[in-house]
Amino acid sequence: MEPLYQYAWLIPVLPLLGATIVGFGLISYSRATSNLRQSSAIFLVSLLGTAMVLSFMLFWSQVNGHETYTKVFEWVAAGNFKLSMGYTIDHLTSLMLVIVTTVAFLVMVYTDGYMAHDPGYVRFYAYLSLFSSSMLGLVVSPNLVQVYIFWELVGVSSYLLIGFWYDRKAAADACQKAFVTNRVGDFGLLLGILGIYWATGSFEFEVMGIRLEHLVETGALSIGLATLFGVLVFLGPAAKSAQFPLHVWLPDAMEGPTPISALIHAATMVAAGVFLIARMYPVFEHLPIVMNIIAWTGAFTAFLGATIAITQNDIKKGLAYSTISQLGYMVMAMGVGAYSAGLFHLMTHAYFKAMLFLCSGSVIHGMEEVVGHNPILAQDMRLMGGLRKYMPITSGCFLIGTLAICGIPPFAGFWSKDEILSSAFGANPALWFIGWATAGMTAFYMFRMYFSTFEGEFRGNNNEIKEQLLVTNATPTLAFGPGAMDPKELEHGHDDHDHHHSHSPHESPVSMTLPLMILAIPSMIIGLLGTPFANYFEQFIYAPGESLAEVLEELAEFNLTEFLIMAGNSVGIALIGITFASLMYLSCKIDPDAIAKKIKPLYNFSLNKWYLDNINDFLFVKGSRRLARQVLEVDYKVVDGAVNLTGFITIVTGEGLKYLENGRAQFYALIVFVAVLGFVVFSGI
């Protein structure tokens with residue numbers, strides 16, 4: 001088994017190699033490479049598939065008890081400063097490798113159907129492969145500097161993918177917003193890394209934790225400064241995992257193609273923040289203030305995302321805010337010390353949320369046949385309804401994902417979310433209450449999405465609703481649609497006579513529905529690995545400071561009565577949310593419009609996303625512009641004025657002196673005589 005570990009470096013290198021070859025082809029032989037659509041896709045998918053097989057082999061080896069394997073080499077050395085690079089394979093790494101490669105592989109298969117007619121098909125596959133390589137490199141990194149390098153590569157890849165349709169202003173703005181927002185968090189992360197290195201002299205996770213604890217205990221480093229370093233490091237995960245207030249980029253990132261939403265915003269990039277918190281756990285666990293900040297940030301973000309998702313009408317935006325909320329659960333778990341519970345929810349959420357996003361792409365694919373390429377129409381749930389009879393596979397998978405995220409047993413989300421709520425209750429009942437209330441809202445908005453999309457009568461042919469949506473959301477004409485159809489069709493317009501349109505939607509091709517059905521399997525059963533009465537997951541993934549014996553001792557203290565009470569509460573609030581959703585959007589016994597009018601301020605507050613985008617626009621976008629204008633005034637009047645004055649003086653003196661420089665010796669002698677005479681006269685006076 002040892003040779004397997006020696007070749008583990010191939011896992012991130014294989015997709016990088018594929019992206020490099022295809023990318024070079026696109027740059028040097030663009031037309032020929034673009035024409036090799038299927039060949040390029042098969043090549044890249046095969047390389048990632050090989051990486052996936054290696055990941056499963058390493059995971060199985062770790063499950064069977066193989067010790068942690070680390071291989072490093074000296075990369076930089078200058079005096080006492082040494083920096084190593086390499087890779088490490090431990091329990092957490094092997095689990096993350098499996099999650100990333102499986103979801104990325106299925107997304108690549110799905111992409112073949114979704115992007116079938118897009119002219120950027122090959123370029124999209126190259127970006128997907130580059131992103132997969134960056135994320136896999138981050139996962140295997142043995143130290144904080146290497147994590148940071150791949151962290152930034154993930155950011156660049158997400159910029160390229162979110163802005164894939166760069167001809168669309170909305171997509172171009174979204175990728176810039178994501179990039180800038182993440183740079184804010186990454187700057188804090190960089191400062192934190194430098195601060196911790198200054199204090200501990202190491203970038204190794206375990207060493208940093210041990211040394212920092214010792215420095216604080218001995219008084220060599222103040223607890224306040226150590227806490228500051230910890231908070232700065234947390235800014236990186238807060239941005240990457242879309243935690244308040246750096247969460248604002250994630251909903252706008254839905255402007256990218258839907259496969260990106262499944263890959264980046266469900267299973268990989270946004271999970272990188274939670275992964276880094278887990279890696280930095282040896283440092284954070286000794287800083288109680290930092291742990292409290294992490295816990296409360298996660299709890300507030302979970303509540304924030306749920307309250308906004310309640311009123312979203314765009315199916316992808318609703319899932320985006322749902323992702324923000326679920327990431328809040330994971331971060332809260334890490335903050336209260338529920339290390340295993342947070343990572344367990346990361347795993348279960350990766351599969352069912354990836355499936356939900358891919359289902360939304362399947363819905364958009366079907367809706368485009370009816371309403372055309374405009375995402376305002378293709379993604380708005382008010383134009384959907386009744387899709388279950390047209391898209392049975394998509395609707396069935398979406399229902400499974402909905403039940404999983406709502407925490408209905410025995411689906412995957414129930415076990416992981418219940419474990420988080422139980423841990424939160426033990427740490428602080430207030431945190432539990434926020435998580436419990438959020439679970440109720442989650443059940444409500446998810447079944448609101450399901451009922452609005454798949455039940456009732458199909459509304460896609462209602463021209464009155466179409467015109468109302470187009471007027472309400474008036475935007476410039478788009479250069480590309482949200483995928484799945486030939487963008488050249490836009491040249492023919494979107495009228496009802498377009499021969500590409502049909503009266504009703506249809507099920508997606510096998511290349512899109514097969515990944516949905518595969519993802520539905522872990523969404524249903526993978527949670528059984530972490531049941532409290534037989535918690536195999538926690539026996540495999542546990543905090544760095546714990547031993548397996550301690551974990552087994554804790555698991556042996558399982559209290560069935562306590563579990564039933566906590567589980568009953570979480571399932572009960574979910575059922576209440578489902579009931580309200582069914583009364584409003586299935587049986588229509590309650591009019592949601594009437595309720596919205598009665599609580600209009602609260603409704604608008606949610607619909608406008610707590611006005612956080614408006615606040616950011618006023619404070620940072622317009623505020624920075626105002627500051628720039630003031631700096632420009634100072635530059636123009638003071639700096640340029642000083643430069644211009646210097647130039648003016650030079651011109652005047654030069655003009656005056658040129659009459660004294662005529663090249664005649666007798667004139668120079670006269671000047672000397674006058675000068676000497678002047679000195680004599682003045683000295684005499």
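The values are calculated or read from the model by the stated rules, or taken from the named source; none is laboratory data. As the structure is a prediction and not an experimental result, all values here were calculated from the model. Heads up, the Cβs are rebuilt from the backbone with ideal geometry, glycines too, and the neighbour counts pull from every protein chain shown. SASA here: full protein model, heavy atoms, side chains in, ligands and nucleic acids out. Shrake-Rupley method; radii C 1.70, N 1.55, O 1.52, S 1.80 Å.
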For the full complex of protein chains and a 1.4 angstrom probe, list 411, 673, 275 by accessible area with the highest value first.
673, 411, 275
In the chain, if the dipole is taken from +1 on Lys/Arg beta carbons and -1 on Asp/Glu beta carbons about the Cα centre, which of 443, 179, 532 is farthest to the positive end?
179
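Tell me, what % of the accessible area of the chain is carbon and sulfur with a 1.4 angstrom probe? List each step's numbers first, then the result.
Numbers: 19690 of 29630 Å².
In the chain, the share of accessible area belonging to carbon and sulfur is 66 percent.
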Taking a straight Cα-to-Cα line shorter than 30 Å from residue 71, and setting aside same-chain lysines fewer than 8 residues away, one finds 82, 240
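Using a 1.4 angstrom probe on the protein heavy atoms only, line up 136, 403, 619, 607 by accessible area, largest first.
Values: 136 0, 403 35, 619 95, 607 65 Å².
Final ranking, largest accessible area leading: 619, 607, 403, 136.
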Please calculate the 1.4 Å probe accessible area of residue 563, with all protein chains present, and give it to the nearest 10 Å².
30 Å²
Formal net charge of residues neighbouring residue 326 (Cβ-Cβ distance under 12 Å; K, R +1; D, E -1):
+2
Note down the nm distance, to one decimal, between modelled labels 7 Å out along Cα→Cβ at residue 549 and at residue 652.
8.9 nm
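Would you mind working out the accessible area per residue for the chain, using a 1.4 Å probe, and quoting it in Å²? Present the calculation step by step, with values, prior to reporting the outcome.
On the way: 29630 Å² over 685 residues.
Accessible surface, normalised per residue, equals 43 Å².
Remind me, relative contact order of the range 219-333 in percent, using alpha carbon pairs under 8 angstrom and six or more residues apart? Write out the running numbers ahead of the final one.
Details: 131 pairs, mean separation 36.6, N = 115.
It rounds to 32 percent for the range 219-333.
Provide the FRET efficiency to the nearest 0.05 for the residue 608-residue 225 pair, computing r from the beta carbons and using R0 = 41 Å.
On the way: r = 39 Å, r/R0 = 0.96.
It comes out at approximately 0.55.
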For the range 332-393 versus the range 50-68, the gap between their alpha-carbon centres in whole angstrom:
30 Å
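Taking square-rooted eigenvalues a ≥ b ≥ c of the alpha carbon gyration tensor, is the range 527-679 rounded, prolate or oblate, where a/c under 1.5 means rounded and, failing that, a/b exceeding b/c means prolate? Display every interim value, and only then the final one.
Working: a/c = 8.13, a/b = 2.61, b/c = 3.11.
Oblate, because a/c is 1.5 or more while a/b does not exceed b/c.
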Tell me which of 599, 618, 639 sits at the most positive position along the dipole axis of the range 596-670, charges placed on C-beta atoms (Lys, Arg +1; Asp, Glu -1).
599
So how much accessible area does residue 336 have, in Å² to the nearest 10, using a 1.4 Å probe?
40 Å²
Normalising by the residue count of the chain, find the relative contact order in percent from Cα pairs under 8 Å and 6+ residues apart.
13 percent
Once ligands and nucleic acids are excluded and a 1.4 Å probe is used, how much of residue 381 is accessible, expressed in Å² to the nearest 10?
10 Å²
Length released on extending from residue 56 to residue 675, taking residue separation times 0.36 nm less the Cα-Cα span:
213.3 nm
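In debye, nearest 20: dipole of the range 570-685 around its Cα centre with unit charges on the Cβ of K, R (+) and D, E (-)? Working shown, then result.
On the way: 12 positive and 9 negative charges, 104 e Å.
That gives the range 570-685 a dipole magnitude of about 500 debye.
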If 72, 103 are ordered by their accessible area, calculated over protein heavy atoms with a 1.4 Å probe, which sequence runs from highest to lowest?
72, 103
If the reach is capped at under 30 angstrom between alpha carbons, list the lysines near residue 598, excluding any in the same chain fewer than eight residues apart.
316, 317, 466, 589, 609
Which of 504, 672, 83 sits closest to the plus end of the dipole of the chain, meaning its Cα is farthest towards the positive end, when Lys and Arg get +1 and Asp and Glu get -1 on the C-beta?
672
What is the calculated FRET efficiency for residue 176 to residue 534, with r their C-beta to C-beta distance and R₀ = 56 Å, to the nearest 0.05?
0.70
Please report, ordered by residue number, every helix of the chain (full DSSP H runs) that is 27 Å or longer along its axis going by C-alpha atoms and whose mean Kyte-Doolittle hydropathy reaches 1.0.
37-63, 91-114, 121-140, 288-309, 560-585, 665-684
